[in-house]
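Just passing along the structure, written as structure tokens.
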Amino acid sequence: MKRYLVFALVGPFVGGFLLLLTTTYQSGYWAQTNLSEVGKLFAVFFKSLQYSYLFGFLPSLMIGAVDDILIHVRRIGPVLRMILVGLFAFVLASLTYSSRGPDSGTVQFILYGLVGFVPAVLSSWLVHRYVEEPQPAAA
């Protein structure tokens, strides 16, 4: 249960911030910005944080469920589990957020994929580090 709590708390927070950074980069916001504009970015992040949790809660729990399934596979160690969970989240986020139109491309696919990869790996690492994991049953 603690595993899902970590994923539900960390995932939408980090993922929402990375999604905001990605969309501002895609819109050209960083091309003409100064230090005062960065303050506006954080203001927008904290104003939209409730929506990050509203729309990121269930996907984070789904990624937590994948992590929970993989912990019961004896041959998969913690580092490989973190990478597999991150890759799964990368693909899901890329397919969810990136567009299929003329403005799509590799940069967009990778940036939106990192929106899923980073929170998933961070949450999986926090679970491995601070939550007691059950040991798989001997066969």
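State which residue is modelled with the highest pLDDT when the search covers only region 108-139 and only residues that are under 12 Å from V6 (Cβ atoms) and among the β-branched types (V, I, T).
Looking at the filtered set, the residue picked out is V127.
For region 30-72, which residues satisfy the criterion of being among the small types (G, A, S) and within 16 Å of the chain's Cα centre (by Cα)?
Those that are among the small types (G, A, S) and within 16 Å of the chain's Cα centre (by Cα): S52, G56, S60, G64, A65.
Does F90 count as within 19 Å of L111 (Cβ to Cβ), part of a helix (DSSP H, G or I) and aromatic (F, W, Y)?
The answer is yes for F90.
While we're here: Looking only at region 43-56, filter to residues that are touching a helix residue (DSSP H, G or I) at 6+ places or on another chain (Cβ under 9 Å) and open to solvent by 90 Å² or more (accessible area, probe 1.4 Å); which one of those is nearest to L84 (Cα to Cα)?
Looking at the filtered set, the residue picked out is F55.
Further, regarding this structure: Take L70 and tell me if it is surrounded by 17 or more Cβ atoms within 10 Å (Cβ to Cβ) and touching a Lys or Arg at 6+ places or on another chain (Cβ under 7 Å).
Yes; evaluated as a whole, the condition is true for this residue.
Across region 70-87, what is the total count of residues that are free of Cβ contacts under 8 Å to residues at least 40 places away in the same chain, aliphatic (A, V, I, L, M) and not in a helix (DSSP H, G or I)?
1
Looking at the structure I just gave you, is Q26 part of a helix (DSSP H, G or I), open to solvent by 30 Å² or more (accessible area, probe 1.4 Å), polar (S, T, N, Q) and touching a residue at least 12 places away in the same chain (Cβ under 8 Å)?
When the stated conditions are applied, Q26 passes them.
Out of the residues in region 73-97 that are surrounded by fewer than 18 Cβ atoms within 10 Å (Cβ to Cβ) and β-branched (V, I, T), state the one that is farthest from the chain's Cα centre (by Cα).
Restricting to residues being surrounded by fewer than 18 Cβ atoms within 10 Å (Cβ to Cβ) and β-branched (V, I, T), the top hit is V73.
List, please: which pairs have Cβ atoms under 7 Å, are six or more places apart or on different chains, and start with a residue in region 98-112 that is within 12 Å of Q26 (Cα to Cα) and open to solvent by less than 80 Å² (accessible area, probe 1.4 Å) and end with one that is of a type in the set (A, V, I, L, M) and at pLDDT 80 or above?
Every condition considered, the pairs that remain are Y112/A93.
Still on this structure, I have one more. Looking only at region 30-42, how many residues end up being assigned to a helix (DSSP H, G or I), open to solvent by less than 60 Å² (accessible area, probe 1.4 Å) and free of Cβ contacts under 8 Å to residues at least 12 places away in the same chain?
Of the residues in region 30-42, 3 are assigned to a helix (DSSP H, G or I), open to solvent by less than 60 Å² (accessible area, probe 1.4 Å) and free of Cβ contacts under 8 Å to residues at least 12 places away in the same chain.
The values are calculated or read from the model by the stated rules, or taken from the named source; none is laboratory data. Every value quoted in this text rests on a predicted model; they were computed, and no experiment measured them. In this analysis, Cβ positions are derived from the backbone assuming ideal geometry, glycine residues included, and neighbour counts consider all displayed protein chains. Each accessible area value is taken on the protein alone, full model and side chains, heavy atoms only, with ligands, DNA and RNA left out. Shrake-Rupley method; radii C 1.70, N 1.55, O 1.52, S 1.80 Å.
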